[in-house]
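Written below as structure tokens is the structure these notes are about.
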Amino acid sequence: MSRLHPYRIAALFLLAWLLMVSCTERIDIELDSTYRRLVVQGAVTSDSVRHRVFLSTTSDYFSNMASPRVSGAQVELSFEGPEDHPCRENPLFPGLYETPVAFRGEVGTTYVLDISQVDVDEDGQKRGIPGRKHHAGRGGAG
Amino acid sequence: MLRSCLMLLALCVSTLLGAQGNFTLSGYVRDAATGEELIGAAVSILNTSTGTIANEYGYYALSLEPGFYTVVYSYLGHGSVSEAIRLDKDITLNVELSEQSLELEEVTISAERPNANVSNLETGSTRLPIQTIRKIPAFLGEVDVIKAIQLLPGVQVTSEGSSGFSVRGGGRDQNLILLDEATVYNASHLIGFFSIFNNDAIKDVKLYKGDIPASAGGRLASLLDVRMKEGNRKQFAASGGIGTIASRLTLEGPIVSDKVSFLVAARRTYADLFLKLSRDENINQNRLYFIDLNGKINYIVNDRNRVYFSSYYGRDVFANDFAGLYFGNRTFTLRWNHLFSQKLFSNFTLVNSHYFYDLGTPEGSSQYFNWMSMLDDYGAKGDFTWYPSPEHTFRFGAWATYHAIKPGEIEAEQGDITMTSVLPVNYSLDNGVYFSGESVLGEKFSLRYGLRYSMFHNVGESTVYEYNEDYQVTDSIQYGSGEFFNFYHGLEPRFAANYSFSDKQSIKASYARTRQYIQLASNSSAGTPLEIWFPSSPNVKPQLSDQVSLGYFQNFLDHALEASVEVYYKKMSNSIDFRDHAQLLLNPRLEGEIRVGEATSYGAELYVKYEQEDFTGWISYTLSRTIRDFPEINEGNPYPAPYDKPHDLALVLTYDISPRWSVAANWIYSSGIPYTLPSGRYVVAGNILPLYTGRNEYRLPAYHRLDLSVTLRGKQKPGRRWRGEWNLSAYNAYARKNIWTLNFVQDAANPEETYAEMTYLFSIVPAITYNFKF
């Protein structure tokens, strides 16, 4: 059932027919710019590893470059319990923040990620984003 | 009993109107060659402004003071007939009009052209006779009613090649499409490239886009009234065509001369025959076709009673050895016309409409599944037209329709395990009554007023979910079979006025309120067969539309040139849209995906039509905007509706160079459709993801296209009934690459790079068709 989801089959049929009659071509279109937003990518897993948070920003859709990394931020991963995990930026890979020691996430624990000293919009003022709580459910993603 | 009540009523009101002592001239207006009733034929008294129009069944009635009159009967493309009568009693006069090319000697051609567009009360409505539609260049040579409608002002194509259309900013599902009074739920074949209407079986098409008559309703934006031919009453006839993609054959004739006639029509495409030529097994094993069957029988019992039965059956098949997709409509209409008196015409209709789709793998296959969805309408309607005097016509009636919608039944087998899941079924009943009147007040002023009272009930068995403000289900209520559990009702006033400065100039105004209780769950503009209609419910309020329009109509060059400008403003409330990334298919909690707001549409429509014997052409231009305002979509900011195209232009020309050769062309230009495109991007785990900032905030490049066609008719010889013609057409003649969809592709060689890729459907599409009749 999962492989042959009806919707997917229908889409395939329609696609097959369209492929017979349609053509594709690369085109140039102009897209607007929007203000930069901070992009936070990270996960707490139940593996005993150094946990990583990667900070970058959005960019123009057709910027066609690696996404700008956010360096020099303060990132702290904490959870219910005595231990905090202030993350350190990896000197070889700006924008990548790692916990100093390996640890294992536990299902059912709430983790809080605090990020501060970030200047995403490059106006010279560093701001923080308040920590957001993530409850680790079964499967361990946070 | 009913009859005597009605007679009594008629008598009372006729006394009130002081129409006593008058006599009635009535009858049917028919085509001389086929005996087909001519819908909308004009009946007028010479040298007066008194007149009427034959109704949907070709019937007319005029009540006049006793005296001598010359009555002129006229219809587009037909020679007029004048009859001198002495009205000293009620007279029944059935009149036959000949097509101009078959002129008979005794027919007098009236110098006057009909000025119906100026004098009638209709704003925003257009009648397209099938003869006009046949002249327009057609995609793959398949003459298509809906493609012709799309060339009228105020009508937007929803996407390239689609049979969907948007009227004055309304959605695809806001058009009531009736085929012999039965609702057609999906008028598309092959994802919309063809409509279900086989032009050989169609007699008349009329689109109402603003001022929908009070006798029709249930959709906000428009009524497309398609009438099938009755079948030739005079002699056996056949017509058909052999085309690039499809062939057609229609047979019609009398069973009992002048009493019973029949029509059967069939059409089938054979794209799959071409697929067999492919060496690729994945392609040549495909079955891909659609079929249409139309049938009709009508029986003139006597002067007062006629019975019609008509049916349509259509099916699309898209299958190979591994899976198949089947869908189609089926309609049945049984009608009985009865004259209680010459002044009181009535029609009683029973209809059934059915739409289904079925998607699955063959039975016995290792991963068997089947997904079936269907909906059925069962309806009854009684409609009365009363002609007390030439100045007043009244129409009233009642209807009831029961809807049964089964959104999905899924059956799957894997090994020994069989799973079935059934989405909640929706039953509902809509019914009501209506009344409307047309009154001519003096030489220059006429009015139409109507009121429709519609009621809607949800009927069990059903499960209704309760949602909190985050659209999470908090509770559910179960209703038993046959239980009425939710009721909506409301009045729908309709009003129109015409002030004629002269027979060439008039100004018209109208107001209409419409209510819609059943709608489509769709967030694509192209439309797929896998669509789900859902009714109003405790969670979904009926949609409402209020529209005002104002038009100026003027004819020039002895009515050969018709021009009109109409402006309209339409406010829609309880409008429905869907949240971002809505899951519409196979979702039992569909109502949780709905967001409700308001929409506004306004615009100006220009229509200039020139018609001569050998030349017909029109320009339609629409300048309009349609904006939606939903608190929970687009962060509460207004955004363009999916079919908001500020500029829309169509130019249609058909010219008969000689009796044998004709050429036709149309050119279409419209603003690109609104589109949601990313304004930025971000990267997660190496994937470039789009960042959207607003719904429909971009617009695709403008759409334009030229179609051409040439027709060569065979030589006509006396005594030879066979008439054949070759039609050569080119769709998209200058091969404009119009964007159908726009995708973003991550470059395989350089993953940091993305580019835009457009899909366009057609380059130039040539086609050849041979049409015949005998």
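For the pair segment B:288-308 / segment B:315-361, the C-alpha centres are spaced 13 Å from each other. About its Cα centre, segment B:392-540 has a charge dipole of approximately 1400 debye under the convention of +1 per Lys or Arg Cβ and -1 per Asp or Glu Cβ, with nothing else charged. Report the calculated FRET efficiency for B:GLN235 and A:ASP32 (r = Cβ-Cβ distance, R0 = 60 Å), to the nearest 0.05. Computed FRET efficiency for B:GLN235 and A:ASP32 comes out at 0.35. Over all other residues within a Cβ to Cβ distance under 15 Å of B:ALA138, the charged ones net out to +1, with Lys and Arg as +1 and Asp and Glu as -1. Using equal-weight Cα scatterers in the Debye expression, the normalised intensity of the protein assembly as shown in log10 at q = 0.10 Å⁻¹ is -1.23. The Rg/Rh ratio for segment B:394-446 is 1.53, where Rg is the radius of gyration of the alpha carbons and Rh is the Kirkwood radius. With the gyration tensor restricted to C-alpha atoms of segment B:683-728, the semi-axes of the equivalent ellipsoid amount to 59, 14, 9 Å, longest first. Between the listed residues B:GLY719, B:MET455, B:GLY79, the Cα displaced farthest toward the positive end of the dipole of the protein assembly as shown, a dipole computed from Cβ unit charges relative to the Cα centre, is found at B:GLY719. Taking all protein chains as shown and a probe of 1.4 angstrom, B:VAL464 keeps an accessible surface of around 20 Å².
In terms of the ratio Rg/(2.2 N^0.38 Å) built on C-alpha atoms, what value belongs to segment B:206-352? Against the compact-globule rule of thumb, the ratio is 1.38. Computed from Cα positions, the angle between helix B:2-16 and the longest principal axis of chain B comes to roughly 60 degrees. Mind jotting down the distance between the C-alpha centroids of segment B:584-616 and segment B:362-435, whole Å? When both Cα centres are located, 23 Å separates them. Between A:ARG88 and B:ILE417, the C-beta separation translates, for a Förster distance of 51 Å, into a calculated FRET efficiency of about 0.45. Electrostatic bookkeeping for B:THR514 treats Lys and Arg as +1 and Asp and Glu as -1; over the other residues with beta carbon under 14 Å from its beta carbon, the sum is +4. Candidates B:GLY636, B:SER658, B:GLY617 compared by Cα position along the dipole of segment B:551-664: farthest toward the positive end lies B:GLY636, with charges placed on Cβ. Stokes-Einstein, applied to the Kirkwood radius of chain B over Cα pairs at a viscosity of 1.567 mPa s and 4 °C, places its translational diffusion at 46 µm² s⁻¹.
The alpha carbon centroids of segment B:171-207 and segment B:496-523 are separated by 21 Å. The Kirkwood hydrodynamic radius of segment B:480-628, based on inverse pair distances between different Cα atoms, is 18.8 Å. Compared with the rule-of-thumb size 2.2 N^0.38 Å for a compact globular protein, segment B:591-644 has a Cα radius of gyration ratio of 1.83. In a reduced charge model with +1 at each Lys and Arg Cβ and -1 at each Asp and Glu Cβ, the protein assembly as shown shows a dipole moment near 1980 debye about its Cα centre.
Simple point charges give the picture: +1 on the Cβ of Lys and Arg, -1 on the Cβ of Asp and Glu, and for chain B a dipole about the Cα centre of about 1860 debye.
Note on chain B: dipole from Cβ charges, positive end direction compared against B:LEU491, B:GLY40, B:PHE435; the farthest Cα belongs to B:GLY40. Expressed as a whole percent, the proportion of Cα-Cα pairs in segment B:527-603 lying more than 18 Å apart is 61%. Over chain B, Cα pairs under 8 Å with separation of 6+ residues give a relative contact order of 10 percent. Sparse packing (at most 11 other Cβ atoms within 10 Å of the Cβ) combined with a DSSP loop state is found for the following GluC sites (Glu not before Pro) in segment B:558-638: B:GLU613. Per-residue mean of foreign Cβ neighbours for B:318-328 is 2 (Cβ atoms of other chains, 10 Å radius).
Measuring r between the beta carbons of B:LEU447 and B:LYS259 and using R0 = 41 Å, the FRET efficiency lands at 0.55.
Per residue of A:53-66, count partner chain C-beta atoms within 10 Å of its C-beta, then hand back the mean as an integer.
The mean count of partner-chain Cβ atoms within 10 Å per residue comes to 5.
Here segment B:548-657 has an Rg and Dmax of 20.2, 60 Å, counting Cα atoms alone.
Counting Cβ atoms of other protein chains within 10 Å of each residue's Cβ and taking the mean over peptide B:528-534 gives 2.
At the residue level, B:ARG695 shows approximately 40 square angstrom of accessible surface with a 1.4 angstrom probe and all protein chains present.
The values are calculated or read from the model by the stated rules, or taken from the named source; none is laboratory data. As the structure is a prediction and not an experimental result, all values here were calculated from the model. As a convention, Cβ positions derive from the backbone with ideal geometry for all residues, glycine included, and neighbour counts pool all protein chains shown. Surface accessibility is based on the protein's heavy atoms, side chains included, excluding ligands, DNA and RNA. Shrake-Rupley method; radii C 1.70, N 1.55, O 1.52, S 1.80 Å.
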